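Each remark here refers to the structure printed beneath this line.
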Amino acid sequence: MLRPASYAMAKWVEPGADARAVIGPVTAKQIALAGGAALDVLGMLDWARLVGGPALRAMTFHERAKMIKALAVYLGTRKEELYALNPLTGATRRDGAVDIEGGIGTMMVIASKGRREMPDGHIYVDGDLEGLSRSGGFVGQHIAVPLQGVAIHINAFNFPVWGMLEKLAPTLLAGMPAIVKPATQTSYLTEACFRMIIESGILPEGAVQLVVGGVGDMLDRLGAQDAVAFTGSADTALMLRRNPHLMRHSVRFHSEQDSLNATILGPDVQPGTAAFDHFIKEVGQEITVKAGQKCTAIRRIIVPNAAMADVTEALIARLSAVSIGDPAQDGVRMGALASLDQKADVLAKIQALANETVTLTGNPEPDALVGASAEGAFLKPMLLRCDDPDGATSVHELEAFGPVSTLMSYRDLDHASALANRGGGSLVASLVTDDPAVARSVALGSAAWHGRLYITGASNAKEATGHGAPLPHMVHGGPGRAGGGEELGGVRGVLHYMQRTAIQGSPDVITAITGQWVPGARETTGPDHPFQRTFGEIAIGETLHTAPRVVTLEDIEHFAHFTGDTFYAHMDEEAAKANPFFPGRVAHGYLLLSFAAGLFVQPDPGPVLANTGLNGLSFQKPVSPGDSIAVRLTCKRKTQRTEAYGEVAWNVTLTNQNGEQVAQYELLTMVSYDRPA
């Protein structure tokens, strides 16, 4: 008998006297006892806010990213322990891979985003510097800092591992502690993974806590610095949103809800083609993976009128071949629903849809089961057909959260988009087409109603990641029925747990707050050429001003012939004068970059290892023969990259003999922590 425990204030709390019996969906017998313990809710919140929060915020974004990666690697070494429990939830190993390895992989991606796209500091700089005065002495910058409260994660039963890890990764990267509340039905698998997190010793004390069972009055004790992230049904989300305390204190509430996701078969796709076969395979997978218990599963299949018969025949053939039974058995393609209650709910929803649909696959009870008895929460894949999708309402509003999907036909692309939009907002809609014009039409007609558009065809089917697979790189969420929020999406998901603030002040103030030099801030001069100084020795704002160099007509012509860039603005005086941008022949922009490097580079071996790129190159004023250029090279920011070197970003500006800026860019160099031997 499994006894998943809560974890509160660094102590494990076993199930209490009022614990709930968890009935296994495969055997219909009790497999666990969960919840029922009396938890100190206020103590847990204080523990997170006063212990976990300060410890996380003391770390930089990069330190937290390394922490998340280390935790993901650790969980990966113990994933087979999670797979051992996975069949108890009704899921096959293939289903479990989406949950277990999908969750671990999500952590790895979020950690990588933190290292690559967030600063090596405590403040996230959001967007460009805004000039707020003529002289540049008063400027503005948007920043983001961690909320100083606690995030409450309320997760659904269908992804007990991924559901926890995909929320934890961006929360921890933001610098916010979390209290995880899994669905009780599959809480034993969440608890097993959570126990590994604690046993790893990687996270600081107070960073995470776990509630198995009810949260009591926890939501009534949240404040303006706290956040709630919910995944589950629209009805439960509505009940939580109505909490007067959450509304009164404007507690952030992120909701990712089940939705009536749709897939559209493009009018250009014909039976017998690779794209058609891909469509049938994709739909079949979305109906059967996790027994259809996915918030992103396909609920409505929208196909051209002319293709209805072929699609129906192909889908029935594919679904009838699916083996159903004990998910621990080899060869079983689809396991059980998560609970007997869930099976009953799906059957009730099918009955509610009966007035608008025709059942194409017969009795929902499986004809045969592999290694399991009929007492379990098993259903066979169900395909319905709606002959009047315009007049119907239930098929666009009621979701049977199981292996059920409804076919419907469309007249033209506008009609297809309109039907997809009838779901009232979804997490994802997909389109199979080989025609980019079809894709554009559907995007224009439907993108506003869906959090993600997944467009595939014969050219990318083999590499595509799947209609129902939310990726950590891309936002996951949707408008309307889907919850009106979003999560993941790389750094976007991290910012949900941070406060965006507009900072206004002098350039020196902005530099001091962000740790990044901005134009107009104080410049310093180092004792040596900056390219002869180590990563640790170079200071933010350290600046090199070069001597000027005159650009001659001979320089321009030599560069033109040497590179092959003989564009008329550099070679033809009369033609150049006729161009409103130029006073006559002008220097190549890349000639100026080359001369700039020649002015500021120190050629001797030193700590600078390589130039790895430049960003934001722009030219403000042309340089004519006889003009001179000088360079200002200023250390803008520093980022540790490896154990041996870090990245230094330099602000580079070129000015002419009149002090007018002619070009600007950001130069990236890798600089060693030590001097060469």
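The values are calculated or read from the model by the stated rules, or taken from the named source; none is laboratory data. Remember, predicted model here, so these are calculated numbers, not experimental data. Don't worry about glycine lacking a Cβ; one is built from the backbone with ideal geometry, like all the others, and counts go over all protein chains shown. All accessible areas refer to the heavy atoms of the entire protein, side chains included, with ligands and DNA or RNA removed. Shrake-Rupley method; radii C 1.70, N 1.55, O 1.52, S 1.80 Å.
Within the stretch 61-79, is there a residue that is in contact (Cβ under 8 Å) with a residue 60 or more places away in the chain, open to solvent by 70 Å² or more (accessible area, probe 1.4 Å) and among the aliphatic types (A, V, I, L, M)? Within the stretch 61-79, none of the residues are in contact (Cβ under 8 Å) with a residue 60 or more places away in the chain, open to solvent by 70 Å² or more (accessible area, probe 1.4 Å) and among the aliphatic types (A, V, I, L, M). Exactly one residue among ASP310, ASP330, ASP345, ASP341 is of a type outside the set (Lys, Arg), open to solvent by 30 Å² or more (accessible area, probe 1.4 Å) and in contact (Cβ under 8 Å) with a residue 40 or more places away in the chain, and that residue is ASP345. Residues in the stretch 550-566 that are over 18 Å from GLN620 (Cβ atoms) and in contact (Cβ under 8 Å) with a residue 12 or more places away in the chain: VAL550, THR552, LEU553, ASP555, ILE556, GLU557, PHE559, ALA560, THR563, ASP565.
Of the residues screened, ASP18 is one that is among the charged types (D, E, K, R) and out of contact with any helix residue (DSSP H, G or I) (no Cβ under 7 Å at 6 or more places or on another chain). Of the helices (runs of 4 or more DSSP H) contained entirely in the stretch 489-585, those carrying at least 2 residues that are of a type in the set (Phe, Trp, Tyr) fall at 553-563. If you go through the stretch 163-172 one residue at a time, do you hit one that is among the acidic types (Asp, Glu) and surrounded by 23 or more Cβ atoms within 10 Å (Cβ to Cβ)? Checked the stretch 163-172: at least one residue is among the acidic types (Asp, Glu) and surrounded by 23 or more Cβ atoms within 10 Å (Cβ to Cβ).
Applying the condition of being out of contact with any Cys (no Cβ under 9 Å at 6 or more places or on another chain) and part of a helix (DSSP H, G or I) to the stretch 476-488 and asking which residue is surrounded by the most Cβ atoms within 10 Å (Cβ to Cβ) yields ARG481.
Considering the stretch 117-139, and only residues there that are loosely packed, with under 14 Cβ neighbours inside 10 Å and touching a residue at least 40 places away in the same chain (Cβ under 8 Å), the residue that is farthest from the chain's Cα centre (by Cα) turns out to be GLY137. Residue selection: GLY121 fails the criterion of being more than 22 Å from ASP258 (Cα to Cα), assigned to a helix (DSSP H, G or I) and of a type in the set (Gly, Ala, Ser). Restricting attention to the stretch 422-441, the residues that are out of contact with any strand residue (DSSP E or B) (no Cβ under 7 Å at 6 or more places or on another chain) and under 20 Å from ALA400 (Cβ atoms) add up to 2. The residues on offer are LEU39, LEU33, and the sole one that is assigned to a strand (DSSP E or B), at pLDDT below 95 and crowded, with 18+ Cβ neighbours inside 10 Å is LEU33. Scanning the stretch 84-103 turns up no residue that is touching a residue at least 60 places away in the same chain (Cβ under 8 Å), assigned to a helix (DSSP H, G or I), among the acidic types (Asp, Glu) and surrounded by fewer than 24 Cβ atoms within 10 Å (Cβ to Cβ). Scoring PHE157 on the criteria (1) among the hydrophobic types (A, V, I, L, M, F, W, C); (2) assigned to a loop (DSSP other than H, G, I, E, B); (3) open to solvent by less than 20 Å² (accessible area, probe 1.4 Å) leaves a single failure, condition (3). Exactly one residue out of VAL631, VAL623, VAL652, VAL648 is in contact with a helix residue (DSSP H, G or I) (Cβ under 7 Å, 6 or more places away or on another chain), closer than 29 Å to SER112 by Cα and buried (at least 19 other Cβ atoms within 10 Å of the Cβ): that is VAL652.
Within the stretch 249-263, can one find any residue that is among the small types (Gly, Ala, Ser), within 22 Å of the chain's Cα centre (by Cα) and farther than 21 Å from SER394 by Cβ?
First, pick out the residues of the stretch 249-263 that are among the small types (Gly, Ala, Ser): 250, 255, 259, 262.
Next, only the ones that are within 22 Å of the chain's Cα centre (by Cα) stay: 255, 259, 262.
With farther than 21 Å from SER394 by Cβ added as a condition, the list becomes 255.
Yes: the stretch 249-263 contains one or more residues that are among the small types (Gly, Ala, Ser), within 22 Å of the chain's Cα centre (by Cα) and farther than 21 Å from SER394 by Cβ.
Look at ILE202 and say whether it is of a type in the set (A, V, I, L, M) and open to solvent by 20 Å² or more (accessible area, probe 1.4 Å). In short, yes. Number of residues in the stretch 349-392 that are surrounded by 12 or more Cβ atoms within 10 Å (Cβ to Cβ), under 24 Å from ASP326 (Cα atoms) and of a type outside the set (Asp, Glu): the value is 18. Of the residues making up the stretch 217-241, those that are more than 26 Å from GLN293 (Cβ to Cβ) and either open to solvent by 70 Å² or more (accessible area, probe 1.4 Å) or assigned to a helix (DSSP H, G or I) (or both) are MET218, ASP220, ARG221, GLN225.
Looking at GLN602, GLN661, just one residue is of a type outside the set (D, E, K, R) and open to solvent by 60 Å² or more (accessible area, probe 1.4 Å), and that residue is GLN661. Within the stretch 411-469, being assigned to a helix (DSSP H, G or I), surrounded by 20 or more Cβ atoms within 10 Å (Cβ to Cβ) and hydrophobic (A, V, I, L, M, F, W, C) holds for LEU413, ALA416, LEU419, ALA420, VAL438, VAL442, TRP449.
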